[in-house]
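Have a look at the structure below, then the notes.
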Amino acid sequence: MSLMDILTIVVPSTLLWAAPLIFTALGGIFSERSGVVNIGLEGLMVIGAFTSIVFNLTFVDTFGNATPWVALLAAMAVAALFSILHAVAAITFRADHTVSGVAINLLATGTTLFLVKLIYGKGETGIISKGFSKIDIPILKDIPIIGKIFFQDTYWTSFLAIGVAFIAWYIVFKTPFGLRLRSVGEHPMAADTMGINVTKMRYLGVIISGALGGLGGAVYAQSITSNFSHSTISGQGFMAMAAMIFGKWHPLGALGAGIFFGFAQSISIIGSSLPFLKEIPNVYLLIAPYILTILALTGFIGRADAPKASGTHYIKGSR
């Protein structure tokens, strides 16, 4: 197998697995940049995955080929609404952010499994008939070398994730909204003094986080698993959180980290078809993404400082 053959297998697979992690990590950035720690990214992905699959199965005859895309919007909306629970607990009632996030994870899993059992009478949904599948991108696929690696047998969602990462970077670092968001996450008292509504900005950060987390779960469910069950989302939210930290709370850093972790996940699937990995027992390939996550966070990123006010409560008028 030539290097070109290996790249044509590895690159599209890496981008496929990276897309959900990138979306969810970007969501975590918006929340934490506003000062709210969001451990509930896993739960938000669960809500997004569940909503997208149920919507897809229910409305496929109505929307036809557009169903997966409309399902993404539905998943974003429902997950954004669900994230308000975390915002109310952590911001309004000043609950511990970590405890609230863990509660979100447990509530999301329990609620979705109960609804699946209630709607379908079993522990999982059916398989969707209209999901995201491999495509060849016109014109770009004909570019010598690069076209075959990046633009053949690939997925639209992969390029959407990359595009959203750059949009998130622009919003966070180049717009007045992004400046306000970062200010309430770094020094909420100073932001309040300048007339910025700290509570409003933190709510918006958490809601955006919910929408992007739901988007990540929906992309994962409709492009990788094609159904929803208790094991559809199994650690991807925590891996996205690791990508956020690995990327040092920067959208483009999270993009790179998401691609790295996407590569680690894809190797566990395609490793047996690669000549230099096919002799490795499959169990080692399956645990590789999690081992690489631990190694990346403990040994290779150096000092990673979260926004200074992340995880702290702000009471107007207090010091």
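Read-outs: derived from the displayed coordinates by stated rules, not from any lab. No experiment lies behind these values; they were computed from the predicted model shown. Here the Cβ positions follow ideal geometry from the backbone for every residue, glycine too, while neighbour counts run over all protein chains shown.
Results, tabulated for the structure shown:
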| read-out | value |
| --- | --- |
| The chain: angle of helix 67-87 to the longest principal axis, Cα-based, in degrees nearest 10 | 30 degrees |
| For the chain, built as a Gaussian network whose Cα springs stay under 10 Å, the top-fluctuating residue of Phe93, Phe50, Phe246 | Phe93 |
| Angle in degrees between helix 3-33 and the longest Cα principal axis of the chain, rounded to the nearest 10 | 10 degrees |
| Of Lys130/Lys248; Lys200/Lys308; Lys130/Lys278; Lys130/Lys200, those spanning more than 28 Å from alpha-carbon to alpha-carbon | Lys130/Lys248; Lys130/Lys278; Lys130/Lys200 |
| Sparse-neighbourhood loop sites, trypsin sites (Lys or Arg not before Pro) in segment 124-197 - DSSP loop, at most 14 other Cβ within 10 angstrom | Lys134 |
| Exposure proxy order (Cβ contacts within 10 Å, fewest to most) of Leu115, Leu41 | Leu115, Leu41 |
| Rough spin-label spacing in nm, given labels placed 7 Å along Cα→Cβ, for Lys122 and Val99 | 4.1 nm |
| Inter-part distance where segment 62-127 and segment 183-226 are each reduced to a Cα centre, Å | 16 Å |
| Within a Gaussian network of the chain (alpha carbon springs, distance under 10 Å), most fluctuating of Leu285, Leu277, Leu179 | Leu277 |
| Per-residue Cβ neighbour rank within 10 angstrom, fewest leading, Ile139, Ile84, Ile119, Ile91 | Ile139, Ile119, Ile84, Ile91 |
| Calculated FRET efficiency for the pair Lys134/Lys316, C-beta based, R₀ 51 Å, to 0.05 | 0.45 |
| Angle between the chain longest axis and helix 41-63 axis [Cα atoms, degrees, rounded to 10] | 60 degrees |
